[in-house]
Amino acid sequence: MTATSAFFDRLTVAGEDPRFSNVCGSVRFDIRDGDQVEQWLLEIDHGRMRVSRSDGPATTVIRASAQVAEAMARGEVNGLAAITRGEILVDGDLNLALRIGRLFPRAPGPPEHDGPGER
Amino acid sequence: MRDIAGTVACIDGNTFMVSDASGDVETSPATPVGLFAADSRFLSRWRLTVNGECMTALSVDNSQYFEVTFFVVPGAAVDYVQADVSAIRRRRIGPDLTESLTIFNYGERVMDLDIRLEVAADFADIFEIKFNVVDKVGSHYTRVGPNELRLGYRRATYHREVVVSASEPAEFGPDGLRFAIRLNPGEQWSTRLQAAMLALRPDGVDLRSALRAQRPDDSTLPASLRAWTAAAPTLDTESVALQQIYQRSLVDLAALRFAPLSLGGAAVPAAGLPWFMTLFGRDSLLTCLQTLPVTPSLTPPTLRILASLQGARTDDVLEEDPGRILHELRYGESAAFEEQPHSPYYGTVDASPLFVVLLDEYERWSGDAALVLELEPEARAALAWIDRYADLNSTGYIWYRRRNRATGLDNQCWKDSWDSISYADGRLPSFPRATCETQGYAYDAKIRAARLARTVWNDQAFADRLEREAAALYDRFNRDFWLEEQGFYALALDHDGTPVDSLSSNIGHLLWSGIVPPERAPRVVEHLMGPALFSGWGVRTFAEGQRRYNPLGYHNGTVWPFDNSFIAWGLRRYGFSREAGRIAEGILSAATYFQGRLPEAFGGFDRNTTRFPVRYPTAGSPQAWSSGASMLLLRTMLGIDPHEDHLAVDPALPSIFERIALLDIPGRWGKVDAFARRRPDQP
């Protein structure tokens with residue numbers, strides 16, 4: 001299983017996220033791998049999330065290569081930086097896209113400090 | 001980094017052009033002049049010549065921020081100008097740069113004119129200019145077409161381009177364009193030059209196209225500025241100087257409004273020209289706090305964008321934590337390739353408490369409980385960040401120690417230069433550090449959040465808890481930071497809790513936050529207004545006589561108008577009206593030496609010695625929180641403060657003003673007027 005599908009599976013299982021309690025909208029991910037396009041539709045209704053494999057319409061569409069999507073799912077990409085350098089393309093509501101970006105993990109930094117999370 | 005005195009700016013949010021007084025741009029790598037958008041320089045050369053001669057300015061009109069008119073003649077500046085040929089360059093900044101060029105022949109001969117515009121684009125990132133980085137990783141290209149010149153820069157999928165064109169036939173070359181014209185006596189000739197700036201995605205769409213679709217086109221800018229000015233209260237005063245400062249501040253606040261990519265067109269204040277033309281958490285929050293009585297429309301979008309970009313994860317490069325409010329957001333190449341951590345960077349400890357402070361202050365003015373409900377999750381997360389993530393050694397304070405060791409900030413308070421926090425003898429404390437004013441903000445945030453919890457969020461238990469925590473913080477702070485012998489608060493605590501014993505302007509912010517017991521306030525005020533801190537113009541950032549004091553030290557001795565405006569607010573809170581008036585008088589008098597436009601900072605030299613405020617070499621101007629300072633000083637002189645559903649007025653004018661009236665102050669009361677007249681018994 002790819003990191004990308006594992007990511008969407010996690011969202012499906014979670015089903016909701018309290019950080020999105022005042023968020024409504026839909027985001028479609030168009031992930032291109034050569035000639036193939038894999039599409040995932042994420043619908044959010046006041047924190048409840050529904051994930052499906054769908055090419056249905058969405059208020060916001062996020063396009064990326066399979067390689068970039070995998071890196072995102074592994075937490076190796078800063079989404080806003082990737083948008084600024086043209087690696088991730090967002091059409092629609094960028095604000096919603098940035099909020100969705102919080103669902104992606106971030107790879108932990110080098111363990112050289114006793115950060116607050118470890119106390 | 002060179003001084004940029006004598007430059008002329010044309011601004012629309014985070015798009016701006018800085019040129020010399022003739023309208024020309026000629027850059028050396030480390031100079032922040034040129035045409036900029038989204039933190040990148042799209043024109044590094046824009047130079048007009050007529051028959052081989054460059055232009056000299058006769059006059060410049062920049063009364064409207066988005067438009068500048070240059071009246072110029074060919075030839076170097078000499079005592080006597082034989083100006084048969086003259087020209088007007090009318091420049092306007094919108095999504096693109098447009099410049100109308102008109103050439104006049106007032107001589108008696110037919111003139112054949114070779115008019116050239118030299119054009120170059122280095123696509124330097126603002127940080128490459130700041131740090132004087134010359135070599136770029138990507139590659140430049142030049143494409144000369146019959147009707148345009150395209151200059152571009154590519155680095156992998158990052159692509160920026162500027163397209164220069166003209167309304168009249170021109171000969172385009174790789175270094176610019178030229179017109180060959182013949183003018184009879186009394187004739188004139190015009191062309192409209194355009195430089196379109198593109199931030200292109202691989203599919204050819206501009207990154208900002210969704211935003212541009214929502215943005216009014218530039219023909220509506222004059223109307224938008226009129227509407228902005230009309231919506232603000234009217235100032236009525238006998239002081240021509242104060243009138244000029246007020247109008248200049250209003251226009252500059254309008255100029256610095258920009259619509260961040262992710263906000264669907266709503267405008268927030270950018271911090272300042274030329275280095276900070278982007279969203280800063282601290283600057284935008286403090287600017288909104290200063291301007292609530294005059295331009296409250298800035299606040300809701302500022303709170304909303306900071307909420308939507310609030311930290312959600314732990315990231316040591318961005319210094320992100322759940323609940324943390326961002327420090328700085330950039331769109332340039334260095335942010336795009338993560339050479340700088342600005343996508344966004346979270347290395348600030350005061351934006352999170354100030355977010356809560358502004359939310360409450362805004363509700364007190366506007367009565368907009370809906371926004372307080374909408375942002376309840378983010379406000380709670382910011383409060384949780386204070387206790388959970390900022391208290392690095394479990395002592396009950398907000399501490400900082402950078403986690404991004406390559407490019408993070410050493411000092412994450414408003415005085416964020418590397419040497420701003422020192423002992424009186426010059427030693428630098430170790431990390432983590434806890435600065436005093438940040439604890440004041442945290443105290444104020446808890447007190448204010450308790451009010452919101454009680455009145456809007458309907459959570460009595462949370463309100464009680466916040467008030468208990470605030471009371472404990474008040475006691476702890478007054479025990480650990482107070483230097484009884486000196487009679488002021490330590491600038492900071494060292495990593496081991498030792499007070500950093502220097503005298504600084506930060507103690508004035510403590511009055512604003514209300515964390516000073518009334519019986520200690522007179523000693524604090526005595527220091528603020530004493531000769532070591534008060535220069536005659538304002539309170540210095542750092543007191544004279546201490547090892548690192550320097551009247552031109554960025555945070556070690558200069559006077560910052562924004563800093564002084566909050567100190568004046570704090571002085572009024574504790575009943576020191578006369579002292580607040582002295583600060584208002586000093587800062588507003590200084591403004592008259594800057595044509596009504598307060599710079600970011602000016603020299604800390606004694607007023608009696610220099611007689612005029614000494615310009616700080618690289619000070620930004622206009623600067624949002626300096627424009628805001630005039631507004632907050634007006635508030636403190638009028639003594640206006642919301643009380644339930646009405647606006648209380650308690651004026652105290654310094655002696656240079658006879659009468660100040662602010663008419664149609666918007667708020668939950670509708671619109672009301674505040675009048676102040678100097679009383680004869682006042683000095």
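Based on the alpha-carbon gyration tensor of region B:8-214 and its eigenvalue square roots a ≥ b ≥ c, which shape applies: rounded if a/c is under 1.5, prolate if not and a/b is larger than b/c, or oblate?
Since a/c reaches 1.5 and a/b is larger than b/c, the shape of region B:8-214 is classed as prolate.
Treat each spin label as a single point 7 Å out from the Cα along the C-beta direction, and report the B:GLN486 to B:THR234 distance in nm.
Once both label points are built, they end up 5.0 nm from each other.
For the residues A:HIS46, B:HIS140, what sequence is obtained by ranking on other C-beta atoms within 10 Å, fewest first?
A:HIS46, B:HIS140
Roughly how tilted is helix B:221-231, in degrees to the nearest 10 and between 0 and 90, from the longest Cα axis of chain B?
Around 30 degrees separate the two axes.
Rounded to the nearest 500, what is the 222 nm mean residue ellipticity of the protein assembly as shown from helices alone, with -39500 (n - 2.57) per DSSP H run of 4+ residues and division by all residues?
Calculated at 222 nm, the ellipticity per residue is -9000 deg cm²/dmol.
Taking 7 Å along the Cα-to-C-beta vector as the label spot, tell me the B:ARG451-B:ASP650 distance in nanometres, rounded to one decimal.
Here the answer is 1.4 nm between the modelled labels.
Provide the per-residue ³J(HN,Hα) series for region B:417-428, in order, calculated from phi with Karplus coefficients 6.51, -1.76, 1.60 and θ = phi - 60°, each as a whole number of Hz, with x at glycine and proline positions.
Along region B:417-428, the couplings run 7, 5, 10, 6, 10, 9, 5, 4, 8, x, 4, 9 Hz.
So between B:THR592 and B:ARG668, what do we pick up on full extension, going 0.36 nm a residue minus the alpha carbon distance?
Full extension of this stretch gives 24.0 nm more.
Take every DSSP beta bridge with both residues inside region A:3-104 and express the antiparallel ones as a percent of the total, to the nearest 5.
75
Excluding the sites themselves, what is the longest stretch of chain B that contains no GluC sites (Glu not before Pro) in a DSSP loop with at most 15 other C-beta atoms within 10 Å?
B:239-483
Order by neighbour count: B:CYS288, B:CYS54, fewest other Cβ atoms within 10 Å first, most last.
B:CYS54, B:CYS288
Rank these for me by crowding, B:ILE129, B:ILE88, B:ILE11, going from fewest to most other beta carbons within 10 Å.
With the fewest neighbours first, B:ILE129, B:ILE88, B:ILE11 line up as B:ILE88, B:ILE129, B:ILE11.
Apply the a/c threshold of 1.5 to the C-alpha gyration tensor of region B:232-677 and tell me whether it is rounded, prolate or oblate. Intermediate results must be reported in sequence, preceding the final value.
Numbers: a/c = 1.25, a/b = 1.09, b/c = 1.14.
Note, shape of region B:232-677 comes out rounded.
Explain nothing, just the number: relative contact order of region B:274-425, from Cα pairs under 8 Å at least 6 residues apart, as a whole percent. It would help to have the intermediate numbers written out before the result.
Working: 226 pairs, mean separation 33.9, N = 152.
Dividing the mean separation by the residue count of region B:274-425 yields 22 percent.
About the Cα centre of chain B, what is the dipole size in debye to 20, counting +1 per Lys and Arg Cβ and -1 per Asp and Glu Cβ, all else neutral?
Here chain B has a charge dipole of around 220 debye.
How much length is gained if the chain between B:ARG405 and B:ALA532 is pulled fully straight, taking 0.36 nm per residue apart and subtracting their Cα-Cα distance, in nm to one decimal? Intermediate results must be reported in sequence, preceding the final value.
Details: separation 127, 0.36 × 127 = 45.72 nm, distance 3.50 nm.
Roughly 42.2 nm would be gained on extension.
Going by alpha carbons, how many degrees (0 to 90, nearest 10) lie between the helix axis of B:624-638 and the longest principal axis of chain B?
50
Under unit Cβ charges (Lys, Arg +1; Asp, Glu -1), what dipole magnitude, rounded to 20 debye, does the protein assembly as shown have relative to its Cα centre?
With Lys and Arg at +1 and Asp and Glu at -1, about 520 debye.
Which shape class applies to the protein assembly as shown: rounded if a/c is under 1.5, otherwise prolate when a/b exceeds b/c and oblate if not, where a ≥ b ≥ c are the square roots of the Cα gyration tensor eigenvalues?
It is oblate, given that a/c is not under 1.5 and a/b is not larger than b/c.
Quote the FRET efficiency, to the nearest 0.05, computed for B:TYR106 versus B:GLU26 with a Förster distance R0 of 30 Å and r equal to the Cβ-Cβ distance.
0.60
I need the GluC sites (Glu not before Pro) found in region A:27-88, filtered to DSSP loop residues with at most 14 other beta carbons within 10 Å of theirs.
Answer in residue order: A:GLU76.
Rule-based calculations on the coordinates, nothing more; no lab input. A quick note: this is a predicted structure, and the numbers were derived from the prediction, not measured. Neighbour counts are summed over all protein chains in view; Cβ atoms, including those assigned to glycine, are modelled from backbone coordinates with ideal geometry.
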